[in-house]
Amino acid sequence: ALRKGSELERAFATAALVHSNAAHPCGKLGQRAAKRLLQTQFQSFIQGQENNPKYQEIISALDEELESKMDFEDFMILLVSVALMSDLLREIRNVKATK
């Protein structure tokens, strides 16, 4: 449906699809599943963040609240939070700044 969509539209649709495929029938994603998605689908963004206190805080929250579930909005906030602290985002910004 989004073949003619913009790159941003396709990226958002992909995130929605990943969440939907991993979510429970109620449409919510368990904390374990969210952590697993971060580790398997967001590897380039989390690489090298193991010692980052903010990253540790995010992972600890996912580990502590195992019974909690997140909807798509919460999942996107999680992804944005991890992306904002990542070295990859800084690298992307630096490449654009040098062009």
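The table below lists the values:
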quantity: For segment 7-98: lysine pairs under 23 Å (alpha-carbon distance), excluding those fewer than 8 apart on one chain; calculated: 4
quantity: Unit charges at the beta carbon, dipole of the chain: most positive-side option, M85, G5, L62; calculated: G5
quantity: Sulfur and carbon atoms: percent of accessible area, segment 1-58 [1.4 Å]; calculated: 51 percent
quantity: √(5λ) per eigenvalue of the Cα gyration tensor, the chain, largest first, Å; calculated: 24, 21, 9
quantity: Most fluctuating residue given options K28, K54, K69, as computed from a GNM of the chain linking Cα atoms under 10 Å; calculated: K54
quantity: Per residue solvent-accessible surface (Å²) - segment 7-98, probe of 1.4 Å; calculated: 68 Å²
quantity: Net +/- balance of residues flanking R32 in space, Cβ distance below 15 Å, scoring K and R +1, D and E -1; calculated: -1
quantity: Size of charge dipole - the chain - debye, nearest 20, with Cβ of Lys, Arg +1 and Asp, Glu -1, no other charges; calculated: 560 debye
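The values are calculated or read from the model by the stated rules, or taken from the named source; none is laboratory data. Treat the numbers as computed from the prediction; the structure is a model and nothing was measured. No Cβ is skipped: glycine too gets one built from the backbone with ideal geometry, and neighbour counts run over all protein chains shown. Areas reflect the complete protein model, heavy atoms only, side chains present, ligands, DNA and RNA absent. Shrake-Rupley method; radii C 1.70, N 1.55, O 1.52, S 1.80 Å.
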